[in-house]
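Participant: Attaching a single structure in structure tokens format; questions to follow.
The values are calculated or read from the model by the stated rules, or taken from the named source; none is laboratory data. Keep in mind the model is a prediction, meaning the values are calculated, not measured. Here the Cβ positions follow ideal geometry from the backbone for every residue, glycine too, while neighbour counts run over all protein chains shown. When the accessible area is computed, the model is the full protein with side chains, heavy atoms only, and any ligands, DNA or RNA have been set aside. Shrake-Rupley method; radii C 1.70, N 1.55, O 1.52, S 1.80 Å.
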Amino acid sequence: MSSDRETAPKTEPTDATDTADTAGPRPRRLTYAAALAGLEGLVLVVGGIWMLVAGATGHEGDRQTGVTGGITVLVLALLPLLAARGLLLRRGWSRGPAVITQIMALPVAYNLLRSDGLAIPAGIVLAVVAVTSLVLLVNPETTRALDIKGPGRAGETGQR
């Protein structure tokens with residue numbers, strides 16, 4: 001070992017926020033995408049609880065369907081909620097679940113738009129939220145903030 005070479009001590013981040021803070025402030029687009037994903041997750045939680053309660057207090061034949069549906073919707077709510085948390089913490093893995101959530105929301109919005117009454121405005125809102133979220137999630141600024149490399153760019157660092 002040579003004495004003329006100095007080695008800097010390796011420091012590990014002590015907290016998940018340490019790694020996010022070093023990359024600068026979170027872009028607004030990323031914050032908006034996280035907020036929309038979180039909002040979708042909260043709406044699914046409310047809908048799941050409503051289905052669960054309605055199923056548990058409903059008729060005998062509807063009870064099993066309502067409870068099963070409510071539990072399913074509550075479990076599905078975890079996907080956008082985890083994605084929203086990951087986006088806020090600037091985790092690269094979180095964009096995948098967020099995009100999947102929006103892609104799953106589009107057929108639901110389409111079916112709501114083809115129905116009657118109050119479901120049509122809900123379908124419009126869901127479609128607008130899903131498309132807006134997708135645009136925010138694939139934005140180059142968001143991709144850079146999440147440190148997502150494209151195909152064939154895994155070895156690149158932030159140089160341009």
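Participant: For segment 1-60, which residues satisfy the criterion of being outside any helix (DSSP H, G or I) and either at pLDDT 85 or above or in contact with a Cys (Cβ under 9 Å, 6 or more places away or on another chain) (or both)?
Facilitator: Taking segment 1-60 first, the residues outside any helix (DSSP H, G or I) are 1-15, 22-27, 58-59.
Across segment 1-60, the qualifying residues are Pro25, Arg26, Pro27.
Participant: Would you say Ala145 is within 22 Å of Thr31 (Cα to Cα) and modelled with pLDDT of 95 or more?
Facilitator: Answer is no for this residue.
Participant: Continuing with the same structure: Looking at Leu137, Leu106, Leu74, Leu89, which one is closer than 19 Å to Leu36 by Cα and in contact with a Gly (Cβ under 6 Å, 6 or more places away or on another chain)? Break it down into steps so the answer makes sense when it comes.
Facilitator: Working: Leu137 fails: in contact with a Gly (Cβ under 6 Å, 6 or more places away or on another chain); Leu106 fails: in contact with a Gly (Cβ under 6 Å, 6 or more places away or on another chain); Leu89 fails: in contact with a Gly (Cβ under 6 Å, 6 or more places away or on another chain).
Among Leu137, Leu106, Leu74, Leu89, only Leu74 is closer than 19 Å to Leu36 by Cα and in contact with a Gly (Cβ under 6 Å, 6 or more places away or on another chain).
Participant: Exactly one condition in (1) farther than 20 Å from Arg29 by Cβ; (2) in contact (Cβ under 8 Å) with a residue 24 or more places away in the chain is not met by Ala56; state its number.
Facilitator: (2)
Participant: Could you tell me whether any residue of segment 114-121 is open to solvent by less than 30 Å² (accessible area, probe 1.4 Å) and more than 17 Å from Ala33 (Cβ to Cβ)? Reasoning before the result, please.
Facilitator: Just the residues of segment 114-121 that are open to solvent by less than 30 Å² (accessible area, probe 1.4 Å), to begin with: 119.
Imposing the further condition that a residue be more than 17 Å from Ala33 (Cβ to Cβ) reduces the set to 119.
For segment 114-121, residues open to solvent by less than 30 Å² (accessible area, probe 1.4 Å) and more than 17 Å from Ala33 (Cβ to Cβ): present.
Participant: How many of the residues making up segment 96-113 are crowded, with 18+ Cβ neighbours inside 10 Å and either within 12 Å of Leu137 (Cα to Cα) or in contact with a His (Cβ under 8 Å, 6 or more places away or on another chain) (or both)?
Facilitator: So in segment 96-113, the residues crowded, with 18+ Cβ neighbours inside 10 Å come out as 97-98, 101-102, 105, 109, 112.
Those left that are additionally either within 12 Å of Leu137 (Cα to Cα) or in contact with a His (Cβ under 8 Å, 6 or more places away or on another chain) (or both): 97-98, 101-102.
Result for segment 96-113: 4.
Participant: Given the conditions (1) open to solvent by 60 Å² or more (accessible area, probe 1.4 Å); (2) within 12 Å of the chain's Cα centre (by Cα); (3) in contact (Cβ under 8 Å) with a residue 12 or more places away in the chain, and given that Trp93 satisfies all but one, which numbered condition is not satisfied?
Facilitator: If we test Trp93 against (1) open to solvent by 60 Å² or more (accessible area, probe 1.4 Å); (2) within 12 Å of the chain's Cα centre (by Cα); (3) in contact (Cβ under 8 Å) with a residue 12 or more places away in the chain, just (3) comes out false.
Participant: Inside segment 91-108, can you point out the residues that are part of a helix (DSSP H, G or I) and farther than 15 Å from Val135 by Cβ? Quick ask: steps written out before the conclusion?
Facilitator: Filtering segment 91-108 for residues part of a helix (DSSP H, G or I) gives 92-108.
Across segment 91-108, the qualifying residues are Gly92, Trp93, Ser94, Gly96, Pro97, Ile100, Met104, Pro107, Val108.
Participant: Of these, Ala77, Ala122, Ala127, which one is in contact (Cβ under 8 Å) with a residue 24 or more places away in the chain and in a helix (DSSP H, G or I)? Don't jump to the end; show me each part of the working.
Facilitator: Values: Ala122 fails: in contact (Cβ under 8 Å) with a residue 24 or more places away in the chain; Ala127 fails: in contact (Cβ under 8 Å) with a residue 24 or more places away in the chain.
Only one candidate passes the filter, namely Ala77.
Participant: Does segment 57-67 contain at least one residue that is open to solvent by less than 90 Å² (accessible area, probe 1.4 Å), under 22 Å from Val125 (Cα atoms), in contact with a helix residue (DSSP H, G or I) (Cβ under 9 Å, 6 or more places away or on another chain) and not aliphatic (A, V, I, L, M)?
Facilitator: no
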